[in-house]
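The values are calculated or read from the model by the stated rules, or taken from the named source; none is laboratory data. Not measured: the values here are computed from a predicted model. Note that we place each Cβ from the backbone using ideal geometry, even for glycine, and neighbour counts take in every protein chain shown. Keep in mind that these areas ignore ligands, DNA and RNA; they rest on the heavy atoms of the full protein, side chains included. Shrake-Rupley method; radii C 1.70, N 1.55, O 1.52, S 1.80 Å.
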There are 2 protein chains.
Amino acid sequence: MRKRTEHRIRIIPLGGLNEIGKNMTVVEVDDEIVVIDCGLAFPEDEMLGIDLVIPDVSYLVKNKEKVRALILTHGHEDHIGAIPYVLRDLNIPIYGTKLTLGLVEIKLMEFGIDLNSVKLFTVKAGDVISFNNMRVEFIRTTHSIADSVAIALHTPLGAIVHTGDFKVDFTPIEGEPIDLIRFAELGKQGVLALLCDSTNAERPGFTLSEKTVGATFDRIFSQAQGRVIVATFSSHIHRVQQVINSAEKQGRKICVLGRSMVNVVNKALELGYLKMPDGMLIDVDELENYPPNKIVLITTGSQGEPMSALSRMASAEHKKVGIIPGDVVIISAAPIPGNEKFVNRVINDLFKQGAQVIYEDIDDIHVSGHACQEEIKLIHNLTRPKYSVPVHGEFKHLIHHAKLAMELGEKNVFILENGKVLEITKDSAKVVGMVQAGNVLVDGLGVGDVGNVVLRDRRHLAQDGLFIVVLTIDSSTRDVIAGPEIISRGFIYIKESEPLIEEAKKVIKDVLYFCRKNDITEPNAIKVILKDNLKNFLFEKTRRNPMIIPIITEV
Amino acid sequence: MRKRTEHRIRIIPLGGLNEIGKNMTVVEVDDEIVVIDCGLAFPEDEMLGIDLVIPDVSYLVKNKEKVRALILTHGHEDHIGAIPYVLRDLNIPIYGTKLTLGLVEIKLMEFGIDLNSVKLFTVKAGDVISFNNMRVEFIRTTHSIADSVAIALHTPLGAIVHTGDFKVDFTPIEGEPIDLIRFAELGKQGVLALLCDSTNAERPGFTLSEKTVGATFDRIFSQAQGRVIVATFSSHIHRVQQVINSAEKQGRKICVLGRSMVNVVNKALELGYLKMPDGMLIDVDELENYPPNKIVLITTGSQGEPMSALSRMASAEHKKVGIIPGDVVIISAAPIPGNEKFVNRVINDLFKQGAQVIYEDIDDIHVSGHACQEEIKLIHNLTRPKYSVPVHGEFKHLIHHAKLAMELGEKNVFILENGKVLEITKDSAKVVGMVQAGNVLVDGLGVGDVGNVVLRDRRHLAQDGLFIVVLTIDSSTRDVIAGPEIISRGFIYIKESEPLIEEAKKVIKDVLYFCRKNDITEPNAIKVILKDNLKNFLFEKTRRNPMIIPIITEV
């Protein structure tokens, strides 16, 4: 390890603070950088037409030569989803556990990226990788995806512990519980900083074990007279395993539906994260060979995504599987904020098709994957950090988390923002500035080419549509030789409103007369006056404010 | 009452079924019609730019001469909000309790409707109004608004009971509890049909009394060191009364913010539904005369509405009131499905301003106004209807309600849809057809002029924006004499994508060359070919699908 009179550590969140999603944290020790996670976020309602949101990594690109590694805590989209985009500018080594990298590989292949061009290194809990100034240690945790880890970043000033997403599950479905002993050891040695998951910081108590869901599945599966259809996140391997377990007890076969569910289940079976008896998995075309009470379908669509297998079944648009009266559909997930309406629509549609639908309001078919208040306090208590940075949450979560830490007696709790630089030296920790950070919007093939102006226009068009005026003017005589022609879209149903169009044409003619009389000949000047007058006219008549586009051609 | 060999009753919901909102039920007894409620709904996400949704009342307009009255159960928007629109076509007598009509009057005045032109008749619980073939009886209920009633419609074939929205509150804030004895009497005499609120049919148990919220207020108010700010529905008079009561105990003054809150509080004080000691109400300009711990603000904005007083305070945009660190903000409401994100944003913003925010996830500062399963069963048990029609709910609520009724032994439960006609005669009840029913969209001054085509265009524009191609062609030579000019909005940030525009112009030129070579001169034919080619080109280059509008002017 390099000697230095004074070491300088900088912690810079590039995503995941004041938001749910696009988690990314930069840790800089002297002149080396490692990045923890590289996630995407789903667009806000007002980001019309946007497919997804990724972090702005300008700071990393600018400091390319310092970046040693991307470290992944687990394989959820909000932790790995931006990798294919960020790799274009920053082809750095990526370290993650087996399942996490398996999911990264699926993603890279979907983007047509050659896996040989990417430096993927598989690690397991307990492993340590070393750089000049730091060692990165992986610690087993439990979460709503298998093979999740926390990170201990050992620096010259002490360990920085990043929990990743976690819950304290003493009875996980597969493998060992979270490695609390290692957290305790680190605490004993002295933790410099704790960056801890804040998602459930509002919720008192302790998150229930994943195992409790299995008991509910057993009950529902054994009572169901017909098929059982379970929708959940494809990445929730443990939930899928519990579906398999309950199905096995009832002698039911398993059929997997939905592209991402098929991909992930296959990958998880291949890597040994899912266990299923031979012959239990059947193809969708074999369904008719079995009576309904011998079938379980596992499907995507737990968020009501309109194109998912479940949504298509609910609206009777799925090519191969329809709902049969007597089907029991379990939506084994909580709606991500903003998705409530989609999920609700699917539930109503399923009921209309004759299914019995079981969802979060009705039965205990879901538990969270995140730590509640007592678990958060437990991790703080074990690690006893000198400095504390609540991460992964909206402001309300961060502030509740900070309150918990302070109730435990912690004195140095920092609520940061994306881009804020927390600098830690031997004697102090303080926010010293801000680097470029924010949302990069992905729309189709475009990354970052949709900005505020484009979005503002989309919102304007979405609200009241479009009103185009086309005029052709003789460039020498200034006479109108064609038009005004009016084209509207999304504004008003035009047949019903022909008098309105006639009146609008009158407004246009008046403007042209005014311009002529006042010797205004510059097309842009005429356009401005046209726009103003039409805007006022249309608003007065309709209380709507369409986008007005005057087009004047001089010939 | 008119003699007839056989009476015919038709129950036709025109709104409120398979949806939350726009409640309206038609009851037709022989040749007389009464209408129960006339509400609005809020637009679905995909109804871009739409302000609100009202029921299609074509059926009533067509049968104008039969319609005797509009009967109101209570003053919520989803029961009275469509009145100003429906009155234009159907100026029928309106019957409601004092507060309900007070709220209708506020609404009519906002629409600039002369109150003298409207036939409003105040009734009170226990009153009966008579028409030829039926008598309409008003029965006291309890709900999240004062002065709510159920309706018993006495017909030659028996009573039809419509609960309106209700809960069974034995300890309401003001006046008497729900009149269960009257429900029981009607049951004893024999109820023909029960139309009962389904909103909470999924929820087991019994909704807590409104009074429980007061106890929480008392605790929070007494602990608050600074100002207390309570956001709730302006129409929730009882909630407002409890705020006043808790404030009074702590010697705090009350200041009311937000247009609708000011209107409703004034109206309720005037009508005697709110009680406040003299001198307790202060103006916003007097706030500075009192220490923070002597102030309570009551405000609109509990749904996170972006223009509400609370949202403006949260984003530091309110002209007169800012958040002071130490303020305790109570959001005393549940988000209406779809509003979760708005409410969440306000909560985060308030925390950022330094307020302590208390909301549904955190403390018991809200109870529902609707009956849970045990209350629904209670009403069914007391009324013992021959026929049962769950109303007021999405399909999932209706089906859960139907299941409850069947568990009680009811045999004739009808799940209807808006427009479905349930015909009841002496011997039978069956669905006999369908009348016109549905959503009429209100956008600005336009009622019903935004239909599917306009909405489809708005969604298209919202998704990927707009791409206009302007060409001027010499009508005799077919030469292009101006253009192609390209105008895009909401599609792509144009400066970044000039090569794209140049390539698009090349595509346009190729199309024109092709058309010329193949003697295609009809502008519409050229437009179709242009559109197809540009669509493919732009999708291939960007994976976006903007609305393409070719404009060809011949001169």
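Data table
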quantity	calculated
Accessible area, probe 1.4 Å, largest first, for residues B:Ile324, A:Ile526	B:Ile324, A:Ile526
Amide hydrogen neighbours beyond the local backbone of B:His318, cut-off 5 Å, H modeled	B:Met313
Debye log10 I(q)/I(0) at q = 0.04, 0.06, 0.08 Å⁻¹ for the protein assembly as shown, Cα point scatterers	-0.25, -0.58, -1.03
Value of Rg to Rh for chain A (Rh from inverse mean 1/r over Cα pairs, i.e. Kirkwood)	1.08
Estimated FRET transfer efficiency when R0 is 25 angstrom, pair B:Val555-A:Lys505 (beta carbons, to 0.05)	0.85
Surrounding net charge for A:Leu271, when Lys and Arg each add one and Asp and Glu each subtract one, Cβ distance under 13 Å	0
Cβ-derived FRET efficiency at R0 25 Å, B:Glu176 paired with B:Asp218, nearest 0.05	0.55
Protein accessible area in the protein assembly as shown, 1.4 Å probe - carbon and sulfur %	50
0 to 90° range, to nearest 10: angle between helix A:237-249 axis and chain A longest Cα axis	70
Reference-scaled alpha-carbon Rg (2.2 N^0.38 Å with N residues) for the range B:442-548	1.24
Calculated log₁₀ intensity ratio I(q)/I(0) where the Debye formula runs over C-alpha points of the range A:156-290, q = 0.10, 0.15 Å⁻¹	-0.47, -0.87
Amide H contacts under 5 Å for A:Leu281, placed H, 5+ residues apart	A:Ile254
Listed residue pairs exceeding 21 Å between alpha carbons, taken from B:Lys509/B:Lys535; A:Lys253/B:Lys403; A:Lys167/A:Lys377; A:Lys98/A:Lys119; B:Lys22/B:Lys124; A:Lys22/A:Lys341	A:Lys253/B:Lys403; B:Lys22/B:Lys124; A:Lys22/A:Lys341
Förster-model FRET efficiency, 60 Å R0, B:Val128 and A:Asn132, C-beta, rounded to 0.05	0.10
Shielding by partners - mean other protein chain Cβ count within 10 Å, residues of B:394-401	4
Derived scalar couplings ³J(HN,Hα) [the range A:190-203; Karplus, 6.51 cos²θ - 1.76 cosθ + 1.60; whole Hz; x for Gly, Pro]	x, 9, 6, 9, 10, 10, 10, 3, 10, 3, 9, 5, 7, 9
Among A:136-144, B:84-92, the order from most to least packed when residues are scored by Cβ within 10 Å on average	A:136-144, B:84-92
Using θ = phi - 60° and Karplus 6.51 cos²θ - 1.76 cosθ + 1.60, couplings along the range A:306-311 (whole Hz; Gly, Pro as x)	x, 9, 6, 4, 5, 4
The range B:59-133: C-alpha gyration tensor shape, a/c 1.5 cut-off, then a/b vs b/c	oblate
Residue-count net charge about B:Lys294 - beta-carbon cut-off 14 Å; Lys, Arg +1, Asp, Glu -1	0
The range B:77-194 shape via C-alpha gyration tensor axes, a/c threshold 1.5	oblate
Phi to ³J(HN,Hα) by Karplus 6.51 cos²θ - 1.76 cosθ + 1.60 over the range B:442-449, Hz, x for Gly, Pro	10, 9, x, 7, x, 10, x, 8
Mean Cβ count within 10 Å, highest first, over the residues of peptides A:355-363, A:404-412, A:517-525	A:355-363, A:404-412, A:517-525
Distant-in-sequence amide H partners of B:Lys420 (H built 1.01 Å from N, under 5 Å)	B:Val435
As computed over the range A:296-369, the Cα convex hull volume per residue (Å³)	90
Span from the the range A:78-122 Cα centroid across to the the range B:383-417 one, whole angstrom	53
Prolate/oblate/rounded call for the range A:336-460, Cα gyration tensor, a/c under 1.5 rounded	oblate
Simple spin-label estimate for B:Met109 and A:Glu46 in nanometres, 7 Å along Cα-Cβ	3.3
Cα convex hull volume per residue for the range B:116-172 (Å³)	106
Over the range A:495-555, equivalent-ellipsoid semi-axes from the Cα gyration tensor in Å	22, 12, 11
For the range A:211-358, alpha-carbon Rg over 2.2 N^0.38 Å	0.95
Accessible area buried at the A-B interface, both sides summed, 1.4 Å probe (Å², nearest 100)	5400
Distance between modelled label sites at A:Asn266 and A:Val61, nm, 7 Å Cα→Cβ extension	3.4
Inter-chain Cβ neighbour average for residues B:342-354, partner chain, 10 Å	3
Per-residue average of Cβ from other chains inside 10 Å of B:483-492	5
Per residue, in Å², the accessible surface of the range B:211-358 once ligands and nucleic acids are set aside, probe 1.4 Å	40
